[in-house]
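Participant: Below is a structure I'd like to ask you about.
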Amino acid sequence: PTPLHDPKKEPGALRSLLGRTNRDWWPNQIAMDILHQQGKSGDPMGDDFDYAAAFKSLDLAAVKRDLTALMTDSQPWWPADYGHYGPFFIRMAWHSAGTYRTGDGRGGAGAGQQRFAPLNSWPDNGNLDKARRLLWPIKQQYGAKLSWADLMILAGNVAIESMGGPVFGFGGGRADVWEPEKDVYWGTEENWVGDEGNQTRIQPDKDMVLEEPLAAIQMGLIYVNPEGPGGVPEALASARDIRETFARMGMNDEETAALTAGGHTFGKAHGAGDASKVGASPEGADIAQQGLGWISGHESGVGDHTITSGIEGAWTPTPTTWDMTFFDMLLDHDYELVRSPAGAKQWQPVGNPPETLAPAAHTPGKRVPTMMTTADMAFKIDPEYRKIMERFRADPAYFGDTFARAWFKLCHRDMGPKARYLGSDVPAEDLIWQDPIPVHTGAKLSDADVKTLKAAIAASGLSVADLVSTAWASAVTYRGSDHRGGANGGRLRLAPQKDWDVNEPAKLARVLKVYEDVKAASGLNVSIADLIVLGGVVGVEQAARAGGHDVAVPFTPGRTDASAEQTDIDGFKVLEPRADGFRNYLQVRFNVPTEELLIDRAQLLGLTAPEMTVLVGGLRVMGANHGGSTHGVLTDRPGVLSNDFFVNLLDMKTGWKQIDGSADEVFTGNDRASGEELWTATRTDLVFGSNAQLRALSEVYASADAGAKFVRDFVAAWTKVMNADRFDLN
Ligand code: HEB
């Protein structure tokens, strides 16, 4: 297919919504998904299982005690370096959380995806299969009360504490999933890091920038290649890659430096010998290996003979102690480029003076050289990073606090608002990246109050389209990937949301003014956030009534309005919908088909295909389109909640053709007999007739018996979107 636009002009574009799938990488993978077709779930816990309730019954202190003991209980099948698994568990936790990207909120520690392909087999996750397996006795003991996703992060926290490091807190609540997530786009490459032909994604000389929403420099990496961009050991170029990829995770220079320095205060890299002796990754490994991969034929394959990244050595002389030695090593010594026993490029203190030597991980009494990766050298050579490192060194308490906060952010970034954190170790302090929303105080709205407000809104002169599109605009930013966005907080009133093109700022300001007036006139303790949603309720009820359906749209008050001070303007920019198929809005053309962006948004909203379908049909006829566009408004009675969209879309009387010059984005529907133009529509509309599965759903709603079901289903899906972020209700 021809690209729909020039990627150079639109660097933020996707090339394919999903890129390559697990089946592409592992063609022999068992087809487990055939068991979970036609709405059958692969979740063994069942629909009634409530992880939050189960977690609340967990004795967290006991788990932490057990984890602390496990840290130093070395197992012969995977002996602990220095007799302490702490560093290994920290790397596991960091790689679990580190896949998060702000662009679409996907990735991250929240679902325990490290257990499944492709992440379980990414080269960068080498040997973390052993780290998880070491934790199995604890997972087994606590069962359903402690998810893998929570356990991996908790193990990282306990590891830091058990080696004397600072932690800021722990929030539980990451419910496990049971199969790989299919919605995460990891890139289009056909090769992984380390394979011939895999190149770094940032190549300024070739005008290449890191594609949105990706946050790693090569397929198979969490962030950057430790040996430098594309394996070239240039510290400054590595700094550029580190800065860009960590920014994609919402980390600034200081947080990035603190995390890396703090992380590499602990543990070692593993490259004891010939990397060609390392076997297949877990997903492709032999059945007898029971889910473990990377079995190595280099001598014993474990302990001092371990091969993971191919880089060899500890960063500091004290790899299981939280101290300031990482800075001593980085800043007080000159380094030269050497090769590890596995052939990897790494840096070594010139002359290996005695104070730079570390204990051998498994041979008592032996001292071995320490090292820095090219990525670590970035923090020595890049002037900005260097300044930060000097500051940390001069102020250990500041370093400790910065590390602890950045680690907490790393591990909780994809959990959404604090209302979703569970357990006794949740820190009290509000953090700006949590998108804090004030707790509801004062009188609650009574049913009579709601009635009064509904009457005031109905009398305010706002149209169904105004009411519905504004409520939609406030709720549609929600993304289940990281639980950000949504109607609560009323941030539609604030920058940057109020100024987004998709929200039609002038119209929005007019509608918001009406709600401010309604609030003032009522004298009630009601938030604008609630009024916006209540306006949607009024609009949908009016539209349904006009179609002959007297429905009550549920409304659950209790939302509050956040302030500008509670809103990280920069952090919110990534929530801007650059496409919202529900409002037939497309800001820029992407190089994936526009209709795929609707599916993507529906997935982020947590919608099923029928829910997405009924919402599009209903929103079109109520006039929720951006800019009052009539594309896809396939009805003669706009403002009425009817199934006309589906009836007219499926009517064989109409033939569709592209409007010349619209590059296959806009179409006219003409009467096949008379040629008269009946409708116009976008790809997002027509996909409900062209795609076989969506057409099947459209047929349900276009059928003669569908009227009441259509309205009922619309109201249910609408309410689901409006309440998607009501974590305060449980
Ligand atoms: Fe790290 C390890 C790289 C960041 C923590 N690391 C490591 C290694 C490498 C790296 C190569 C080795 C592996 C093996 O075993 O072989 N990193 C890296 C890079 C980066 C990083 C490139 C970006 C810059 N880290 C980081 C962070 C953290 C960490 C952020 C946290 C916080 N690591 C870590 C640890 C370790 C590592 C702890 C050790 C492990 C063991 O000992 O086992």
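The values are calculated or read from the model by the stated rules, or taken from the named source; none is laboratory data. If you're wondering where the values come from, they're calculated on a predicted model, not measured in any experiment. A quick note on method: Cβ atoms are made from the backbone with ideal geometry, for glycine too, and the neighbour counts reach across all protein chains shown.
Participant: Out of (1) in contact with a strand residue (DSSP E or B) (Cβ under 8 Å, 6 or more places away or on another chain); (2) modelled with pLDDT of 95 or more, what's the single condition that is false for residue 615?
Facilitator: Only one criterion in (1) in contact with a strand residue (DSSP E or B) (Cβ under 8 Å, 6 or more places away or on another chain); (2) modelled with pLDDT of 95 or more is unmet by residue 615, namely (1).
Participant: Can I ask one more? How many residues, within the range 57-93, are in a helix (DSSP H, G or I), within 30 Å of the chain's Cα centre (by Cα) and loosely packed, with under 14 Cβ neighbours inside 10 Å?
Facilitator: Going through the range 57-93 one residue at a time, the tally reaches 1.
Participant: Let me ask something else. Output yes when any residue across the range 186-198 is in contact with a Phe, Trp or Tyr (Cβ under 6 Å, 6 or more places away or on another chain) and on the phi > 0 side of the Ramachandran plot, and no when none is.
Facilitator: Checking the range 186-198: not a single residue is in contact with a Phe, Trp or Tyr (Cβ under 6 Å, 6 or more places away or on another chain) and on the phi > 0 side of the Ramachandran plot.
Participant: For the range 686-695, does any single residue satisfy the condition of being surrounded by 21 or more Cβ atoms within 10 Å (Cβ to Cβ) and closer than 30 Å to residue 506 by Cβ?
Facilitator: No, every residue in the range 686-695 fails to be surrounded by 21 or more Cβ atoms within 10 Å (Cβ to Cβ) and closer than 30 Å to residue 506 by Cβ.
Participant: What's the number of the condition residue 718 fails, among (1) of a type outside the set (A, V, I, L, M); (2) outside any loop (DSSP other than H, G, I, E, B); (3) over 30 Å from residue 434 (Cα atoms)?
Facilitator: So the condition that residue 718 fails would be (3).
Participant: In addition: Looking only at the range 274-281, decide whether some residue is assigned to a helix (DSSP H, G or I), under 29 Å from residue 351 (Cα atoms) and more than 28 Å from the chain's Cα centre (by Cα).
Facilitator: Yes, that holds for at least one residue.
Participant: Another question, then. In this structure, does residue 211 turn out to be acidic (Asp, Glu) and modelled with pLDDT under 80?
Facilitator: Taking the combined requirement at face value, the residue satisfies it.
Participant: Right, here's the next one. Condition (residue is within 16 Å of the ligand (Cβ to nearest atom), crowded, with 17+ Cβ neighbours inside 10 Å and of a type in the set (A, V, I, L, M, F, W, C)) applied to the range 409-427: is it met by at least one residue?
Facilitator: yes
Participant: Here are 548, 558, 535, 606: which of them is over 30 Å from the mean Cα position of the chain (by Cα), within 22 Å of residue 468 (Cβ to Cβ), at pLDDT 95 or above and assigned to a loop (DSSP other than H, G, I, E, B)?
Facilitator: Residue meeting the stated conditions: 548.
Yes/no matrix, rows are residues, columns are (1) closer than 30 Å to residue 150 by Cα; (2) among the basic types (Lys, Arg):
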{"residue": "444", "(1), (2)": "no, yes"}
{"residue": "447", "(1), (2)": "no, no"}
{"residue": "450", "(1), (2)": "no, no"}
{"residue": "456", "(1), (2)": "no, no"}
{"residue": "483", "(1), (2)": "yes, no"}
{"residue": "509", "(1), (2)": "no, no"}
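Participant: Now a separate question. Hey, can you tell me all the residues within the range 318-327 that are closer than 26 Å to residue 225 by Cβ and either free of Cβ contacts under 8 Å to residues at least 12 places away in the same chain or more than 9 Å from the ligand (Cβ to nearest atom) (or both)?
Facilitator: 325, 326, 327 - these are the residues of the range 318-327 that are closer than 26 Å to residue 225 by Cβ and either free of Cβ contacts under 8 Å to residues at least 12 places away in the same chain or more than 9 Å from the ligand (Cβ to nearest atom) (or both).
Participant: Residues to consider are 196, 227; find the one that is at pLDDT below 90 and assigned to a loop (DSSP other than H, G, I, E, B).
Facilitator: The match here is 196.
Participant: Take the residues in the range 75-109 that are charged (D, E, K, R) and at pLDDT 95 or above, then tell me which one is nearest to the ligand (Cβ to nearest atom).
Facilitator: The residue in question is 91.
Participant: Exactly one condition in (1) touching an Asp or Glu at 6+ places or on another chain (Cβ under 7 Å); (2) under 25 Å from residue 79 (Cα atoms); (3) buried (at least 20 other Cβ atoms within 10 Å of the Cβ) is not met by residue 116; state its number.
Facilitator: Against the list (1) touching an Asp or Glu at 6+ places or on another chain (Cβ under 7 Å); (2) under 25 Å from residue 79 (Cα atoms); (3) buried (at least 20 other Cβ atoms within 10 Å of the Cβ), residue 116 comes up short only on (3).
Participant: Could you tell me which numbered condition residue 361 fails, if it satisfies all but one of (1) surrounded by fewer than 16 Cβ atoms within 10 Å (Cβ to Cβ); (2) farther than 24 Å from residue 393 by Cβ?
Facilitator: (1)
Participant: Is there a residue being farther than 23 Å from residue 409 by Cα, within 22 Å of the chain's Cα centre (by Cα) and either among the hydroxyl-bearing types (Ser, Thr, Tyr) or within 13 Å of the ligand (Cβ to nearest atom) (or both) anywhere in the range 205-219?
Facilitator: Yes, some residue in the range 205-219 is farther than 23 Å from residue 409 by Cα, within 22 Å of the chain's Cα centre (by Cα) and either among the hydroxyl-bearing types (Ser, Thr, Tyr) or within 13 Å of the ligand (Cβ to nearest atom) (or both).
Participant: Which residue pairs have Cβ atoms closer than 6 Å, lie 6 or more positions apart in sequence or on different chains, and pair a first residue in the range 694-711 that is farther than 19 Å from residue 599 by Cα with a second residue that is of a type in the set (S, T, N, Q)?
Facilitator: Qualifying pairs under 6 Å: 706/643; 710/643.
Participant: With respect to residue 402, is the statement that it is surrounded by 23 or more Cβ atoms within 10 Å (Cβ to Cβ), out of contact with any Lys or Arg (no Cβ under 6 Å at 6 or more places or on another chain), modelled with pLDDT of 95 or more and not hydrophobic (A, V, I, L, M, F, W, C) true?
Facilitator: no
Participant: So which residues in the range 258-277 are more than 9 Å from the ligand (Cβ to nearest atom) and either closer than 21 Å to residue 105 by Cβ or touching a residue at least 40 places away in the same chain (Cβ under 8 Å) (or both), if there are any at all?
Facilitator: Within the range 258-277, 272, 273, 274, 275 qualify.
Participant: For the range 43-51, indicate whether the set of residues that are in contact with a strand residue (DSSP E or B) (Cβ under 8 Å, 6 or more places away or on another chain) and assigned to a helix (DSSP H, G or I) is non-empty.
Facilitator: no
Participant: Hey, can you tell me all the residues within the range 421-433 that are in a loop (DSSP other than H, G, I, E, B) and out of contact with any strand residue (DSSP E or B) (no Cβ under 6 Å at 6 or more places or on another chain)?
Facilitator: 421, 424, 425, 426, 427, 428, 429, 430, 431
Participant: When only residues in the range 94-143 that are under 18 Å from the mean Cα position of the chain (by Cα) and among the charged types (D, E, K, R) count, which is farthest from residue 292 (Cα to Cα)?
Facilitator: 104
Participant: Checking residue 367 against (1) of a type in the set (Lys, Arg); (2) in contact with a Pro (Cβ under 9 Å, 6 or more places away or on another chain); (3) within 16 Å of the ligand (Cβ to nearest atom), which test does it fail?
Facilitator: (3)
Participant: Oh, and also: What is the one condition in (1) within 16 Å of the ligand (Cβ to nearest atom); (2) of a type in the set (S, T, N, Q); (3) assigned to a loop (DSSP other than H, G, I, E, B) that residue 348 does not satisfy?
Facilitator: Exception for residue 348: condition (3).
Participant: With the checklist (1) assigned to a helix (DSSP H, G or I); (2) in contact with a helix residue (DSSP H, G or I) (Cβ under 7 Å, 6 or more places away or on another chain) in hand, flag the one item residue 436 doesn't pass.
Facilitator: The single condition residue 436 does not satisfy is (1).
Participant: Return the total of residues in the range 258-277 being in contact with a His (Cβ under 6 Å, 6 or more places away or on another chain), buried (at least 21 other Cβ atoms within 10 Å of the Cβ) and within 17 Å of residue 130 (Cβ to Cβ).
Facilitator: Within the range 258-277, residues that are in contact with a His (Cβ under 6 Å, 6 or more places away or on another chain), buried (at least 21 other Cβ atoms within 10 Å of the Cβ) and within 17 Å of residue 130 (Cβ to Cβ) number 1.
Participant: Taking the range 232-250 only, how many residues are within 9 Å of the ligand (Cβ to nearest atom) and outside any helix (DSSP H, G or I)?
Facilitator: 0
Participant: If you take the residues in the range 278-300 that are more than 14 Å from the ligand (Cβ to nearest atom) and in contact (Cβ under 8 Å) with a residue 24 or more places away in the chain, which one is surrounded by the most Cβ atoms within 10 Å (Cβ to Cβ)?
Facilitator: Looking at residues that are more than 14 Å from the ligand (Cβ to nearest atom) and in contact (Cβ under 8 Å) with a residue 24 or more places away in the chain, I get 281.
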